[in-house]
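Structure first, then comments.
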Amino acid sequence: MTPFNYRCTDCGRTYTRDEVRYLCPECGKAYRPGIPLLGVLEAVFEYETIRKAFDRTHPDWNLFCPVEKEFHPPIQVGNTPLARVDRLGADLGLASLWVKNDGLNPSGSLKDRASFLVVAEARRLGIELIVAASTGNAASALAAVCASTDTKALIFVPEKAPKAKLVQMVLYGATVVPIKGTYDDAFALSLEYTAQRGGLNRNTAYHPLTIEGKKTAGLEIWAQLGFQVPEAILVSVGDGVILGGVHKAFVDLQRAGLIDRLPRLIGVQAETSDAIHRYVETGIYSDAPNPTTRADSISVTCPSNAHGARRAILESQGLTLTVTDDEILAAQAQLASRTGIFTEPAGATALAGLVKLQASPHRLAASASVVILATGHGLKDVDAPLAHISIPPAVEPTLAALTL
């Protein structure tokens, strides 16, 4: 671990590690549930120390980690495969297309990375209860990581969360409280709970280590590409924290002098859950009034990290776009049939965006190195593709019965 301080991404004030827990004490005063977070903190390391110590032949990722290794949970998170997908690349006119398959984390999603680090922080602080709001994946992730330790998880989820994710949470031993409302309602209740009854709040971006946890996906992409920066990374976007985490990975690498440019970040949203896309396009924030989409993991009225996500897009000279549910489900099927990677609708949203981009005048160059971040396993929500496919009927076990 390299020493670090927290810095407010809004006002620039700095704080020592244990001087703050969640938001900037000054900017956070203006925050209330129902608006994007204000005063989100970022960990700022001693980058010269990292530059001198980092060895590409034996990379020590703990140099970029804000929690000492002795507190890390025993569960193995991260180091997911980065697959080169030439068949899909040929479909899209790209000679170097890759898929980072984070559905192969222990609970089946990238959000294991954030939960891993928050549980490590709770163990450092001696806190036994972690509280979170989630549409499903963050909750499953927290429950899984807590199950590997003696830490307890209390989770608030919308009552319409996919059953597969609810099953995961319960089997992992978490206390699960379905809420008659939206993710945003669950988020507000979780903040009220920790403020009045205690525990460590794991909510995305509200706890700065969620961004630090998710940045590990970006660090791995860099290493798996032979310590090269891709031209573009496509990320499905809901609350904007995964996008912010991937951006933070490359910002840290650049600050440490290990890279000389950032990859373009391309954020893709469901067209009904498009608050960040409209914010990037217009510079004016407004909620998504009816974020109903089959990609439940990115269905958000008020994205918690809207401000940070917009900064990430602008600083990386990237862009955002939206796709329909039909485009998302088509991309899910295309990814599965052309690469063997089965991702949930939210994970396929990034590919849907790439398909749309490559059919536009703004298409990426054929020679560009491009990474799609597949954020969750397809088995987490089989109801969505079942609405668009047919399971063949059974036949008699004889050759005569076959029409093949």
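Read-outs: derived from the displayed coordinates by stated rules, not from any lab. Worth saying up front: this structure is predicted, and the values here are computed from it rather than measured. Cβ coordinates were reconstructed from backbone atoms using ideal geometry, including for glycine residues, and neighbour counts include every protein chain displayed.
To make sure I understand, if each residue's beta carbon is the centre and we count other beta carbons within 10 Å, what order do Ile130, Ile50, Ile391 fall in, fewest to most?
Lowest count first: Ile391, Ile50, Ile130.
For segment 221-230, in order, what is each residue's ³J(HN,Hα) by Karplus, 6.51 cos²θ - 1.76 cosθ + 1.60 with θ = phi - 60°, in whole Hz (x at glycine and Pro)?
4, 4, 5, 5, 8, x, 6, 10, 8, x
Could you give the length gained by full extension between Ser367 and His58, i.e. 0.36 nm per residue of separation minus their alpha carbon distance, to one decimal place?
Extra length available between Ser367 and His58 comes to 108.3 nm.
Rounded to the nearest 500, what is the 222 nm mean residue ellipticity of the chain from helices alone, with -39500 (n - 2.57) per DSSP H run of 4+ residues and division by all residues?
One gets -11000 deg cm²/dmol as the mean residue ellipticity at 222 nm.
Taking only C-alpha pairs under 8 Å that are 6+ residues apart, what is the relative contact order of segment 254-404 in percent?
The value is 21 percent.
What lysines could a cross-link reach from Lys248, if we take a straight Cα to Cα line under 16 Å and drop same-chain neighbours fewer than 8 places away?
Within the straight-line cut-off, Lys248 pairs with Lys111, Lys214, Lys215.
Pairs of Cα atoms under 8 Å, at least six residues apart: use those to get the relative contact order of the chain, whole percent.
17 percent
Give me Asp55, Asp10, Asp252 sorted ascending by neighbouring Cβ count inside 10 Å, so fewest comes first.
Lowest to highest Cβ neighbour count: Asp55, Asp10, Asp252.
Please list the non-local residues whose amide H lies under 5 Å from the amide H of Thr375, H modeled 1.01 Å from N, same-chain partners needing a gap of 5 or more.
Amide H to amide H, under 5 Å and 5 or more residues apart or across chains, Thr375 pairs with Gly347.
Can you say what percent of the DSSP beta bridges in the chain, counting only those with both residues inside, are antiparallel? Round to 5.
So the antiparallel bridges in the chain amount to around 25 percent.
Given H placed on each backbone N at 1.01 Å, which residues far from Ile35 in sequence or on other chains put an amide H within less than 5 Å of it?
none
If you take the beta carbon distance between Lys29 and Leu314 as r and set R0 to 25 Å, what does 1/(1 + (r/R0)^6) give as a FRET efficiency, to the nearest 0.05?
In this case the efficiency is close to 0.45.
Apply the Karplus parameterisation 6.51 cos²θ - 1.76 cosθ + 1.60, with θ equal to phi minus 60°, to every residue of segment 277-284 and state each ³J(HN,Hα) to the nearest whole Hz, in sequence, with x for glycine and proline.
Couplings: 4, 5, 5, 5, 5, 10, x, 10 Hz.
For Ala153, which sequence-distant residues (separation of 5 or more, or a different chain) have an amide H within less than 5 Å of its own amide H, given hydrogens modelled in the peptide plane?
So Ala153 has HN proximity to Ile130, Thr175.
Normalising by the residue count of segment 238-327, find the relative contact order in percent from Cα pairs under 8 Å and 6+ residues apart.
Across segment 238-327, relative contact order equals 41 percent.
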